[in-house]
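Heads up: the structure comes next, in C-alpha cells.
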Amino acid sequence: MILDATVAGREVHVEVHGKDGRYAVVLAGRALDVDLRESPDGFASLLIDGRSYETAIERRGAGYAVGLPGGTLVVEWTEPSRPGAGGPAPHGGETAARVTAPMPGKMVRILVESGQAVQADQGLVVMEAMKMENELRSPRAGRVREVHVREGQAVETGALLVVVD
Amino acid sequence: MTARATETSKGGASFMTRRAFKKILIANRGEIAVRVIRACREMGIPSVAIYSEADRSALHVRMADEARFVGPAPSRDSYLRIDRVLDAAHASGAEAIHPGYGLLAENAAFARACEESGVTFIGPRSETIALMGEKTSARRVAAEAGVPVVPGTLEASVDAAALRREAERLGFPVMLKAAAGGGGKGLRLVASAADWGAATLAARGEAQGAFGDDRLYVEKALARPRHVEIQVLADSHGNAVHLFERECSIQRRHQKVVEESPSPFLTPELRGRMGALALALVRKTGYCNAGTLEFLVDAEGRPHFLEMNTRLQVEHPVTEMVTGEDLVKLQIQIAGGARLPFGQDDLEQRGHAIECRIYAEDPERGFLPSPGRIVALRLPEGPGVRNDSGIYPGYEVPVHYDPLLSKLVVHGRNREDALQRLRRAVAEYRVLGVATTLPFFARVLRDPAFLSGDYDTSFVEALSVTTPPPVDHVIEAAVAAAAIRALHDRAASRSTAEASAQAAPPWWRAGLGEAHGGRR
C-alpha cells in the first residue's frame with residue numbers, strides 16, 4: 001500500500017507491505033524492517049531496526065494520532081491516497097472558523113460582539129464547565145460574524161457559540 | 001471523645017492498633033475518596049462510599065466496602081446535600097465522616113450537622129471552620145496571634161468607595177478577594193486604578209455566584225511572591241506539631257499544579273520561624289486535627305499569612321513522603337480522641353518529594369478541561385513513585401466535577417534525585433483518550449528556573465520552554481505505526497465486505513454473477 005502523509009509539518013511518502021506483525025516500510029526511499037505487536041491494553045510494541053517504542057495508535061480525522069513516549073504525533077493522509085474512512089481534512093484557508101462548545105456547560109461571559117475584529121487567541125466567551133471558568137479563544141484573526149449564545153445560557157457539547165470570518 | 005481518650009490510655013493500646021471507629025463514611029469522590037478508603041482498610045475500618053448518578057462506575061465505589069447513592073450528577077443535588085450525606089451515614093451505621101477536600105470539607109454547617117447528629121466529623125470543630133473560612137476573620141485572629149498578614153483590610157465590605165480608598169492607601173497593584181473565598185474564585189489582581197471598576201464588578205459577580213456572598217477585601221499584591229504552606233496536626237489534648245512546608249508556587253489560574261517539599265527557597269531559620277508562627281495560630285484558635293497555613297513569602301524572605309485550610313490538602317502526599325507519616329490515618333486517630341503519637345523533635349524531613357497533579361485538561365488550549373473516556377492507561381511504577389489515582393482504563397471522566405484524575409508523587413534522596421525520578425515517571429506515564437497536563441510537566445521539568453529552584457507564582461505565565469520538535473527517528477516510528485494500522489484497517493474493511501458478501505444467499509450471488517456475466 002502506498003500513502004502520502006503530513007506529519008510534524010512535513011510531507012512524507014510511505015510504502016508498506018507485510019502481515020502478522022512483520023512489515024517492510026519504505027519511508028522517503030529508506031527501507032525499514034518493522035515489527036509491530038498490538039496488545040489488549042491499548043498499546044502496541046514497535047521495533048524498528050532494533051529500536052523499541054511503546055505506541056498507542058488512535059484514529060484521528062483523516063489519519064491517526066500516534067502516541068509515543070515523547071508525545072503524540074498526528075499522521076494525516078493527504079489526497080489522493082487517503083485510505084478507508086475518515087472525513088475530509090478540515091481546511092483552514094478562506095472558510096469561517098466555527099467555535100463550538102468542547103463540553104457541556106454554562107456561558108458565563110460573552111467577550112465579543114458581532115462585527116468586532118479579533119486577534120488569533122483572543123478570548124471570545126467564558127464558559128463554566130467542570131467547576132471552572134474556561135476562556136474559549138479565537139482560532140484565527142478575523143472578524144466576528146455571529147455570536148450564537150448569551151450570558152447564562154446552558155450549552156451542550158458541540159453547540160455553535162461564535163463564528164469568526 | 002474525652003472518654004475514648006481516657007479509655008485508650010487506661011487500656012494502654014498503642015496509637016495505631018486501636019480501632020478509632022467501627023465504620024467510616026467518605027463524603028467525597030475521585031482520587032481523595034480512594035486515598036481515604038486505603039487508610040481505613042489499613043486500619044481495619046470498613047468504609048462507606050457515596051456516589052451520584054454520574055459516579056456509579058467510579059473507582060471509589062468499586063473499592064469501598066459499602067456504597068450509598070446520594071442523588072443526581074450535579075454536586076449540589078448529591079455530594080453537597082448535607083441531609084442525604086447524613087442519611088447515608090446513619091443508614092450504613094457509620095460512626096464518623098471523612099470529608100476529603102473540596103465539596104463539604106470546609107462547610108461549617110455540615111460539620112455542625114455532623115456534631116448535632118452524633119456522627120464524628122473528621123476535622124476541626126465547626127466553630128473553627130467558620131472562623132477560618134471567613135477570610136477576614138482569619139486575618140484578624142492571625143494578627144492577634146502575632147502572625148504577620150499580607151497588608152490590607154481586616155474587615156470585609158460591600159462598600160466600593162471604602163475598598164477603593166484602602167486600595168489607594170496600599171498602592172496598586174492590589175489583590176481583590178472574596179471574603180468567603182476559595183479556589184481562586186472572586187479573586188482579581190488589579191494592576192492600576194484604571195482597572196478598578198471592572199475588577200470589582202467581576203470579583204463581586206464571581207463571589208456572589210460561587211459563595212452567595214459578595215463581600216470583598218483588599219490586599220497589597222506582593223511582587224513575585226512564593227506560595228509556601230505549613231502542614232499542622234493538633235490533637236484534642238492540646239498537643240500540636242507542624243510537619244514542615246510545601247512549596248506550591250507553580251500555579252495556573254491561582255490553583256496549584258506542582259508542589260514540593262522541602263521548599264528549595266526556605267532556609268532552616270525561615271522554616272523554623274514559619275513553623276512557630278503556624279503553631280501560634282493553632283494554639284490561639286484551639287485548632288484540632290490536620291490543617292494547613294498558607295503563606296506568601298516575599299522577595300526579601302518575609303512570610304505573610306494568607307489563609308488557613310481547615311482540612312486535608314490535595315498535596316498532602318508530599319508531606320507524607322518526606323516525613324514518613326500517614327496524615328489520613330492520623331486524622332482518623334485524632335478524631336477518635338487519640339493523642340499525637342510524636343512530638344515536634346521526632347519529626348524530620350527526609351529527602352525530597354515532588355507532586356504533579358494530573359488533570360484532564362489540555363495545556364495546549366489554555367488548560368481547557370478535556371472530559372472523555374480513558375482509552376488506555378499506563379501508570380509509572382518503580383522506586384520512589386506513588387500514584388494517588390481515581391481512574392482506570394475504560395473510565396469515563398465525568399463533566400460534572402473537578403477534572404483532577406490522579407496525583408503523581410516521587411521521592412528521592414535530594415531534589416536532584418527527585419527531579420530525575422519525576423522526569424522518568426512522567427515519560428513512563430501514558431494516558432490515552434483525554435488530554436492531560438502531562439506534556440506541561442514534561443516542559444516544566446526542562447525549565448532552568450524550575451530546575452534551579454528559583455521560581456515564584458508567576459512561573460506558569462513566564463514558562464518559555466516549548467516542546468522540542470520531534471527527532472527524525474520518532475517521526476519515522478509514528479509514520480510506520482500509522483501506515484501499518486492503515487494496512488490493517490483496509491484489510492479489516494475488506495474482510496468485512498467479503499464476509500457480508502458471503503453472508504448473502506448463495507443463489508443470489510450465483511444468480512447475479514451468472515446473469516450479469518461475472519461483472520464483478
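Every number in this text was worked out from the coordinates using simple rules, so none of it is lab data. Bear in mind that the values here come from a model prediction, so they are computed numbers and not experimental data. Cβ placement follows ideal geometry from the backbone for every residue including glycine, while neighbour counts extend to all protein chains displayed.
May I ask you to work out the translational diffusion coefficient for region A:97-164 at 20 °C, viscosity 1.002 mPa s, via Stokes-Einstein with Rh from the Kirkwood sum over Cα pairs, reported in whole µm²/s?
Once the numbers are plugged in, D ends up at 186 µm²/s.
Using r as the Cβ-Cβ distance of B:Phe69 and B:Val471, and R0 as 51 Å, what FRET efficiency do you calculate, to the nearest 0.05?
The pair B:Phe69/B:Val471 has a calculated efficiency of 0.50.
Shielding of A:59-66 by partners, i.e. mean partner chain Cβ atoms within 10 Å per residue?
The mean count of partner-chain Cβ atoms within 10 Å per residue comes to 4.
Looking at chain B, how many pairs of lysines come closer than 17 Å at the Cα, when each pair is eight or more places apart or spans two chains?
So the count works out to 10.
Other chains' Cβ within 10 Å of B:365-371 residues: what's the mean?
Mean shielding count: 6.
Per Stokes-Einstein, at 4 °C and 1.567 mPa s, what whole-number D in µm² s⁻¹ belongs to region A:2-77, with the Kirkwood radius over Cα pairs as the hydrodynamic radius?
Answer from the Stokes-Einstein relation: 99 µm²/s.
Can you list residues from other chains, or at least 5 along the same chain, whose modelled amide H is less than 5 Å from the amide H of B:Leu405?
Long-range HN contacts for B:Leu405: B:Ile358, B:Tyr359, B:Ala360.
Measuring from label point to label point, each 7 Å out along Cα→Cβ, what is the A:Ile2 to B:Asp454 span in nm?
According to this spin-label approximation, the distance is 5.7 nm.
Work out the P(r) tail for region B:298-418: percent of alpha carbon pairs separated by more than 22 Å, whole number.
Of the Cα pairs, 54 percent sit more than 22 Å apart.
Quick one: what are the phi-derived ³J(HN,Hα) couplings along region A:148-163, Karplus 6.51/-1.76/1.60 with θ = phi - 60°, whole Hz, x for glycine and proline?
Going residue by residue, I get 9, 10, 10, 4, x, 6, 8, 10, 9, 4, x, 4, 6, 9, 9, 10 Hz, with x marking Gly and Pro.
Can you list the HN-Hα couplings for region B:462-479, worked out from phi with the Karplus curve (6.51, -1.76, 1.60; θ = phi - 60°), rounded to whole Hz and with x for Gly and Pro?
Computed from phi, the couplings for region B:462-479 are 8, 4, 9, 5, 10, 5, x, x, x, 7, 3, 5, 6, 4, 4, 5, 5, 5 Hz.
Thinking of chain B as a set of Cα atoms, what percent of all their pairs are more than 30 Å apart?
Counting every Cα pair in chain B, those more than 30 Å apart make up 54 percent.
Can you figure out the FRET efficiency of B:Arg424 with B:Asp346, using R₀ = 35 Å and their beta-carbon distance, to the nearest 0.05? It would help to have the intermediate numbers written out before the result.
On the way: r = 32 Å, r/R0 = 0.92.
Calculated value: 0.60.
With N set to the number of residues, divide the alpha-carbon radius of gyration of region B:151-220 by 2.2 N^0.38 Å and report two decimals.
Relative to the 2.2 N^0.38 Å estimate, region B:151-220 comes out at 0.95.
Using only helices, what value at 222 nm comes out for chain B when you add -39,500 (n - 2.57) per DSSP H run of length 4 or more and divide by the total residues, to the nearest 500 deg cm²/dmol?
Values: 18 runs with 200 residues, N = 520.
Taking each H run of at least 4 residues, the total per residue is -11500 deg cm²/dmol.
Need one number: nm distance between label points at B:Ser157 and A:Val126, each 7 Å from Cα along Cα→Cβ, rounded to one decimal.
Result: 2.4 nm between the two label points.
Which whole-Hz ³J(HN,Hα) couplings does region B:50-66 yield from phi under the Karplus relation 6.51 cos²θ - 1.76 cosθ + 1.60, θ = phi - 60°, glycine and proline marked x?
10, 8, 9, 4, 7, 10, 4, 9, 5, 4, 5, 5, 5, 7, 6, 6, 9
Other chains near A:67-76: what is the mean number of their Cβ atoms within 10 Å of each residue's Cβ?
The shielding value for this peptide is 6.
Taking one equal scatterer on every alpha-carbon of region B:2-130, how large is log10 of I(q)/I(0) by Debye at q = 0.10, 0.14, 0.19 1/Å?
So the normalised log intensities work out to -0.31, -0.59, -1.04.
Over the protein assembly as shown, what number does the Rg to Rh ratio reach, with both radii from the alpha-carbon atoms and Rh per Kirkwood?
Computed over Cα atoms, the ratio is 1.02.
Between B:Ser117 and A:Arg30, how high is the FRET efficiency from 1/(1 + (r/R0)^6) when r is the Cβ-Cβ distance and R₀ = 60 Å? Nearest 0.05.
The value I calculate is 0.25.
Any idea what the dipole of region B:2-130 comes to, in debye rounded to 20, about its Cα centre with Lys/Arg Cβ at +1 and Asp/Glu Cβ at -1?
Using Cβ point charges on Lys, Arg, Asp and Glu, region B:2-130 gives about 380 debye.
Given H placed on each backbone N at 1.01 Å, which residues far from B:Leu243 in sequence or on other chains put an amide H within less than 5 Å of it?
Distant-sequence amide H within range of B:Leu243: B:Gln231, B:Val232, B:Leu233.
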